[in-house]
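Structure, as structure tokens:
The values are calculated or read from the model by the stated rules, or taken from the named source; none is laboratory data. The model shown is predicted, which means the values in this text are computed figures rather than measured ones. Please note: Cβ atoms are built from the backbone with ideal geometry, for glycine as well, and neighbour counts cover all protein chains shown. For the accessible areas, the whole protein counts, side chains as well, though only heavy atoms, and no ligand, DNA or RNA atoms are used. Shrake-Rupley method; radii C 1.70, N 1.55, O 1.52, S 1.80 Å.
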Amino acid sequence: MPAEVPLLKLDGLTKRYGDHVAVAPTSLSIQPRDFFAILGPSGCGKTTLLRMIGGFVQPSGGTVQIGGADVTRLGPERRPTGMVFQNYGLFQHMTVRQNIAYGLKLRREPKARMDAAVDEMMALVHLDHLAERAAPELSGGQRQRVALARALILKPKVLLLDEPLAALDLKLRKTMHRELRALHQAIGGTFILVSHDQSEVMTLANRVAVMEHGAVVQEGSPRDIYMRPANVFVSGFIGEANTLRGSRRDGRIELAGGASLAHAGRDGAVSVVLRPEQLELEPIEPARVSLEAEVTDLIFLGPFTHLHCTLANGDALLVHVESRHVAAAHRPGARIRLGWKADDQLVLDAS
Ligand code: ATP
């Protein structure tokens, strides 16, 4: 299948504040209908990157193309983008209907067409029953829906979402995740989401760019990034990861706890990354790699139990096991063997 023409193309997009590089030269292609997430810890530059796409921050270098047109020098109102801000930015003296209609009113849309579009939008975000409610009388989730409807009614080619659910409690956030997914599918649009919440990103996005210190360190599907993290930072940021310190000599890696595994490469320090669900309790098949660890804590979570362990060198190891496999012998202070398939481990240079 031929690759689609990207809807959004960033080429060397950069932002510096004096000597500080907020966003290092970044090149990305985003396809039509992508739900693209920019994920990273606080201060890594993700909001600045999103704001450059929306035209709210002037880049220090590089270009933004949307639908083949260079929009780098255009202000936000002249770009085919819509933005939903973290604090929603609703007009407090207006009703739900007036807030949603605002952009069309500015465009001097005929009243009948405007009313029909607003009704359609309110239905889409489940706000029809609140049309005449004043903005200050809305709950957090309702405000969020108004902010989404207000941006979507202008039919942006790209919808930019800056941590749109950060202010909501966990339960409502999970409901909104499902609604956002459904909305994206219903509209068939292109969404770009900034988030520091990996579970939000895994739920919503089909592609992810992980940022660290102003640079995109890995880009791919959530699955690719979980299965093949590019470095230790990414492995810990998407999903939980155990990072064991080891050393390689003559094609073998030794880890604390007595694990020894064949692995070709340069002599020196390495990190072996293992997901908590990849570790198995005894009985361990002979072909597995295994090591000895001490149990420090046991957390029962219904179907699964989290076993916290340490190795002789102090490395921590988290193991997710099905609760029915946990035995009386797995108590704090006990020494246990843990095994894993050599194919599952990921070996990264420690540097
Ligand atoms: P958060 O999740 O906390 O919002 P972020 O990843 O979105 O963080 P940015 O807001 O993009 O991070 O900021 C990236 C870096 O650029 C930070 O070090 C920040 O202090 C700096 N920065 C952002 N805006 C400005 C500004 N107007 N002037 C100077 N430095 C800025």
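What the table shows:
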read-out	value
Test set (1) closer than 25 Å to VAL234 by Cβ; (2) surrounded by fewer than 16 Cβ atoms within 10 Å (Cβ to Cβ); (3) at pLDDT 95 or above - GLY302 fails condition number	(1)
Test result for ASP70, open to solvent by 50 Å² or more (accessible area, probe 1.4 Å) and touching an Asp or Glu at 6+ places or on another chain (Cβ under 8 Å)	no
Subset of segment 267-286 that is more than 27 Å from ALA230 (Cβ to Cβ) and touching a residue at least 24 places away in the same chain (Cβ under 8 Å) - its residue that is surrounded by the most Cβ atoms within 10 Å (Cβ to Cβ)	LEU281
Residue count for segment 255-266, restricted to those that are charged (D, E, K, R) and open to solvent by less than 20 Å² (accessible area, probe 1.4 Å)	0
Segment 15-25, subset in a strand (DSSP E or B) and either in contact with a His (Cβ under 7 Å, 6 or more places away or on another chain) or within 12 Å of the ligand (Cβ to nearest atom) (or both), residue farthest from THR72 (Cα to Cα)	HIS20
Segment 105-119 residues that are in a helix (DSSP H, G or I), paired with ones that are surrounded by 12 or more Cβ atoms within 10 Å (Cβ to Cβ) and not acidic (Asp, Glu) (beta carbon under 6 Å, 6 or more apart)	MET114/ALA101; MET114/LEU104; ALA117/ILE153; VAL118/ARG97; VAL118/ILE100; VAL118/ALA101
Selection within segment 27-65 - within 24 Å of ALA182 (Cα to Cα) and either more than 15 Å from the ligand (Cβ to nearest atom) or small (Gly, Ala, Ser) (or both)	SER29, ILE30, GLN31, PRO32, ARG33, ASP34, PHE35, PHE36, ALA37, GLY54
Those residues of segment 181-199 which are open to solvent by less than 40 Å² (accessible area, probe 1.4 Å), under 14 Å from the mean Cα position of the chain (by Cα) and either more than 12 Å from PHE35 (Cα to Cα) or of a type in the set (A, V, I, L, M) (or both), in sequence order	ILE192, LEU193, VAL194, SER195, ASP197
Pick from segment 151-170, criterion within 16 Å of the ligand (Cβ to nearest atom), open to solvent by 10 Å² or more (accessible area, probe 1.4 Å) and within 14 Å of SER199 (Cα to Cα), ranking: nearest to the chain's Cα centre (by Cα)	GLU163
